[in-house]
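Let me begin by presenting the structure, written as structure tokens, before commenting on it.
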Amino acid sequence: MNSATDALWPVFEALERDLKSNSKLYMDETVLAQLDPGTGKTKTCYVWALCRDDRRWKGNSNPGVVFHFKQSRHGKHAEEILKGFSGTLQVDGYTGYNRLTSKGRDGGPITLAYCWAHVRRKFLDVVKATKSKEAQRILDLIGQIYGLEQEMQKPSPLSAAARRSIRQSESLPLIEQLFHMLRELSGKISMKSTLGSAIKYTMKLMDGLQVFLSDGRVEFDSNAVENTIRPIALLRKNALFAGSEVGGRNWAVMASIIGTCRMNGVEPYAYLTWVFEQMAKGHPRSRYDELLPWHCPNGKFAIE
């Protein structure tokens, strides 16, 4: 596995360069344990996912994902991974990403677009715990916006420009109404309550939650990247942990390639067979971008 990953490393690097050449990406991170040698225990490490998926607005770039196995959730890892990228990054509300907005960042500040699904979960938890009518009203407004987003996918996805136009005319008034309600509630309830906490979370992210209104490439939520990290949950159940940092790296490289194959409708075994055959034939390393999954002529199947 080490040898296979070493051989695929230049392909992984080419995939990452290709993703970062775009100006709109997603990022997320999740836990994956690693064996801590000599202790008989495991330590908490993290897998960071960098994803591109423009299919919902008919973008021209192929979808893809790269994973990085890191020893912590520190924001410096996001900064390292995103070196060379500039544009808009869609994330959850984790504060570790805030350093990316610094004016002194090499390549300039990144625009953070936040996820409304995380906001919705906050208010849904309030409704489940307290039956709050105010929280339910917020959920209803979010649901209306989700309805508009779903309509823009029928019968086929609209362009980024068309999505922006609809959002400006139909979603913007709902967003303005929602934040007006939150401001009113802030002056009437204890901000230490469960509802108050949900309101504080939302107001803190207000600017980033509205980026989707002015940029048709931005989604209402970050489900696209969350879908790519679902296999990690299976890994935690089946493999339990990575045996070492090198093992974590190996997993990240293979998961990146297999995940990108899946997103592009390419059968992974057929792709790996093809890419190793091209390497054996002496395909120049300077042209490994030609070996990315969407160029594979074998193993393609239909995807929606």
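The values are calculated or read from the model by the stated rules, or taken from the named source; none is laboratory data. Predicted model only: the values in this text are computed from it and were never measured. Ideal geometry is used to build each Cβ from the backbone, glycine not excepted, and the neighbour counts take in all protein chains shown.
Here 260, 194 are screened, and the one residue that is in the same structural domain as residue 10 (by TED's automatic domain parsing) and either over 26 Å from residue 7 (Cα atoms) or at pLDDT 90 or above (or both) is 260. Looking at this structure, is residue 177 polar (S, T, N, Q), in a loop (DSSP other than H, G, I, E, B) and either touching a residue at least 24 places away in the same chain (Cβ under 8 Å) or in contact with a Cys (Cβ under 8 Å, 6 or more places away or on another chain) (or both)? Here the answer is no, as residue 177 does not meet what is asked. Among the residues making up the range 266-304, a single one is at pLDDT 95 or above, surrounded by 11 or more Cβ atoms within 10 Å (Cβ to Cβ) and small (Gly, Ala, Ser): 270. The single condition from (1) surrounded by 13 or more Cβ atoms within 10 Å (Cβ to Cβ); (2) assigned to a helix (DSSP H, G or I) that residue 184 fails is (1). Against the test of being without any contact (Cβ under 8 Å) to a residue 12 or more places away in the chain and assigned to a helix (DSSP H, G or I), the options 140, 125 yield a single qualifying residue, 140. Among the conditions (1) in contact with a Pro (Cβ under 8 Å, 6 or more places away or on another chain); (2) crowded, with 17+ Cβ neighbours inside 10 Å; (3) more than 22 Å from residue 234 (Cβ to Cβ), residue 55 misses just one, which is (2).
Restricting attention to the range 16-32 and to residues that are touching a residue at least 24 places away in the same chain (Cβ under 8 Å) and farther than 13 Å from residue 49 by Cα, the residue that is nearest to the chain's Cα centre (by Cα) turns out to be 24.
The rows are residues; the columns are (1) part of a helix (DSSP H, G or I); (2) touching a helix residue (DSSP H, G or I) at 6+ places or on another chain (Cβ under 8 Å); (3) on the phi > 0 side of the Ramachandran plot; (4) at pLDDT 95 or above.
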residue	(1), (2), (3), (4)
27	no, yes, no, yes
31	no, yes, no, no
46	no, yes, no, yes
65	no, yes, no, yes
76	yes, yes, no, yes
93	no, yes, no, no
97	yes, yes, no, yes
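Identify, please: which residue in the range 214-245 is aliphatic (A, V, I, L, M) and surrounded by 15 or more Cβ atoms within 10 Å (Cβ to Cβ) and is, among those, nearest to residue 51 (Cα to Cα)? Filtering the range 214-245 for residues that are aliphatic (A, V, I, L, M) and surrounded by 15 or more Cβ atoms within 10 Å (Cβ to Cβ), the one nearest to residue 51 (Cα to Cα) comes out as 225.
Residues checked against (1) loosely packed, with under 13 Cβ neighbours inside 10 Å; (2) modelled with pLDDT of 95 or more:
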site	(1), (2)
83	yes, yes
119	no, yes
134	no, yes
150	yes, yes
159	no, yes
162	no, yes
178	no, yes
189	no, no
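In the same structural domain as residue 262 (by TED's automatic domain parsing) and within 24 Å of residue 288 (Cβ to Cβ): does that describe residue 61? Answer is yes for this residue.
Residue check: residue 131 meets all listed conditions (1) touching a helix residue (DSSP H, G or I) at 6+ places or on another chain (Cβ under 7 Å); (2) on the phi > 0 side of the Ramachandran plot but one, namely (1).
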